[in-house]
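Contents: one structure, followed by commentary.
No value in this document is a laboratory result; all are computed from the given coordinates. In this text the structure is predicted, and so the values were computed from the model without any measurement. Cβ placement follows ideal geometry from the backbone for every residue including glycine, while neighbour counts extend to all protein chains displayed.
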Amino acid sequence: MAKPPNPKFLKPIWPVLFSSQQRKNLNPDNDGDCPGKARPRYFARFTKFSRIWIPPLLSQFLANFVYFLFLFLYTLFWTYSASFFGGVSMPAISTIEITTNPRITLLEGFLTNAECDHLIHLASSLLQPSLVYTEVPNELVSNGQARNSTGTFLGIAQTPVLAEIERRIASLVDRPTEYQENMQVLNYQSGQYYQPHIDFFSVSSPSCQEVLAQGGQRIATCLLYLNTPDDGGETHFLRTGLKVVPIRGNAVLFYNVLPSGDEDWRSMHASLPVITGEKWVATKWIRSKPQR
Ligand code: PD2
Ligand code: ZN
């Protein structure tokens with residue numbers, strides 16, 4: 001460590017802390033009639049932190065280090081504090097309203113890669129043939145003509161990651177998570193599909209009356225694309241002609257009913273056959289009544 005100079009010749013490093021005599025010493029117009037005799041210098045050669053004399057480069061480094069550490073912690077706090085304190089943290093999502101009539105919104109970057117992998121991991125060992133509702137009686141049966149994917153349902157808030165995704169969807173549709181059905185994760189192999197269908201329970205169908213009375217209508221569907229198939233697997237909205245390409249992390253939110261609550265047949269959709277590769281997608285239905 002360098003030997004500390006005579007404090008008489010020292011000038012502090014922070015101008016705001018200078019005494020009036022020191023400021024006078026630092027004034028470039030002062031041509032020398034100051035206690036230090038020599039022309040004033042703008043920076044001290046040494047800074048004293050408590051009892052240690054620190055060379056200027058090291059003290060600047062320390063000051064910068066503390067400054068960047070503060071910035072880092074500040075950014076960290078604002079990024080994660082919401083989820084830490086029970087709020088909703090959102091990745092950088094870009095929202096594109098594709099059509100308002102029917103209401104279809106694409107959300108790019110709705111899930112992170114880690115979240116997609118997590119959902120696939122939770123579902124992959126539990127896949128069963130997907131089911132469809134029959135007319136009368138209203139039962140869930142396997143029907144390979146209507147859909148031939150496999151899938152499974154996850155528990156509500158089964159893991160902290162899933163709970164966070166559910167909170168994000170709740171914030172998106174402006175309804176508490178209690179209005180959500182359990183998440184369904186689906187897997188489509190090459191050639192697998194889901195024929196055109198509607199997600200709402202038809203008021204005119206006698207078999208839907210009980211479901212509607214108990215749990216209310218499926219007012220909206222949120223599809224979460226967990227991977228990007230090599231080819232095919234688009235979500236096709238037949239009445240609008242729109243085909244949403246499945247891209248990992250993206251989501252599509254569409255309403256199955258009109259703002260009045262009446263069925264919106266323009267929400268009819270299909271999952272087109274996967275041509276190459278496989279497709280992982282998760283569905284969340286949002287009901288008009290709390291489910292729990
Ligand atoms: O798997 C899909 O892409 C898809 C598309 C539309 C699934 C559903 N609807 C559904 O399960 O209702
Ligand atoms: Zn559907």
* Starting with the highest mean, order 200-207, 144-151, 102-109 by the number of other Cβ atoms within 10 Å, averaged over the residues of each peptide. => 102-109, 144-151, 200-207
* Structure fact -> Kirkwood-based Rg/Rh on the Cα set of region 139-181 evaluates to 1.13
* To do: Could you grab the relative contact order for region 130-283? Cα pairs under 8 Å, six or more apart, rounded to a whole percent.
  => 27 percent
* To do: Under 14 Å from the Cβ of P246, count the other residues' Cβ atoms, weight Lys and Arg +1, Asp and Glu -1, and hand me the total.
  => -2
* Can you tell me how much longer the chain between I93 and D117 gets when fully stretched, taken as 0.36 nm per residue apart minus their C-alpha distance, in nm with one decimal? => 6.8 nm
* **Other-chain or far-sequence residues with amide H under 5 Å of Q192's (modelled H)** => V274
* Where Lys and Arg each count +1 and Asp and Glu each count -1, what net charge lies around G277 among other residues with Cβ under 14 Å from its Cβ? -> -2
* Asked: What is the extension gain from E164 to V132, computed as 0.36 nm multiplied by their sequence separation minus the C-alpha to C-alpha distance, in nm to one decimal?
  -> 8.7 nm
* Computed over the Cα atoms of region 208-292, what is the ratio Rg over Rh, Rh following Kirkwood? -> 1.03
* Taking amide H positions as placed 1.01 Å from N in the peptide plane, with prolines and chain starts having none, which residues 5 or more places from K289, or on another chain, fall under 5 Å of its amide H? -> Q217
* Normalising by the residue count of region 136-197, find the relative contact order in percent from Cα pairs under 8 Å and 6+ residues apart. => 49 percent
